[in-house]
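A short write-up of the structure that comes next.
All of the numbers you see were taken from the coordinates with simple rules; none came from a lab. From a predicted model like this one, the values you see are computed outputs, not experimental measurements. We place every Cβ from the backbone using ideal geometry, glycine too, and count neighbours over all the protein chains shown.
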């Protein structure tokens, strides 16, 4: 019996060293993250409430501070990485996805009788502040992970853009913020 207790304790410590972070979760002494990556266009439309163009990836995230004081949480703290090709995307603001264009391009092609043609392109800057937000931008803003200083858990959506066909298992989320650095794998 005296030998059984030390063996039990040793086996518990050995098992604790083999514990890896769970898929879709990451944490340290300051913060816990739990999230789900959504790539399917129909699922994205269901979660967001509006269709989005191909290539966008939405991450539903829950951030739980574990500090005594308030912690600043921001979408700017997150980067999505594809382990397939190393491509990275910082979280996008709703205005970058559904906001007004920064330029208006107008082209005009003229043809002459000799068969020679010329194309001119006029570039006109748009005052983005004067244009009202689009319906998609309003929806994205209402559901995004807001920039906030809090002691309480917060939830929201993060928006990313990656080229090519991606699979959830090939994606990872990197957090670099006031609570340290974390990496989370998706499954």
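Could you state the number of Å between the C-alpha centres of region 49-98 and region 140-187?
4
For the residue pair residue 88 and residue 74, what label-to-label distance in nm results when each label sits 7 Å from Cα along the Cα-to-beta-carbon direction?
Between residue 88 and residue 74, the simple spin-label model gives 1.7 nm.
If packing is taken as the average number of other Cβ atoms within 10 Å across a peptide's residues, how do 65-72, 91-98 rank, most packed first? Working shown, then result.
Numbers: 65-72: 13.5, 91-98: 17.6.
By packing density, highest mean first, the sequence is 91-98, 65-72.
Roughly speaking, what is the stretch gain from residue 47 to residue 176, that is 0.36 nm per residue apart minus the C-alpha to C-alpha distance, in nm to one decimal? Walk me through the intermediate numbers first.
Values: separation 129, 0.36 × 129 = 46.44 nm, distance 2.54 nm.
Taking residue 47 through residue 176 to full extension adds about 43.9 nm, to one decimal.
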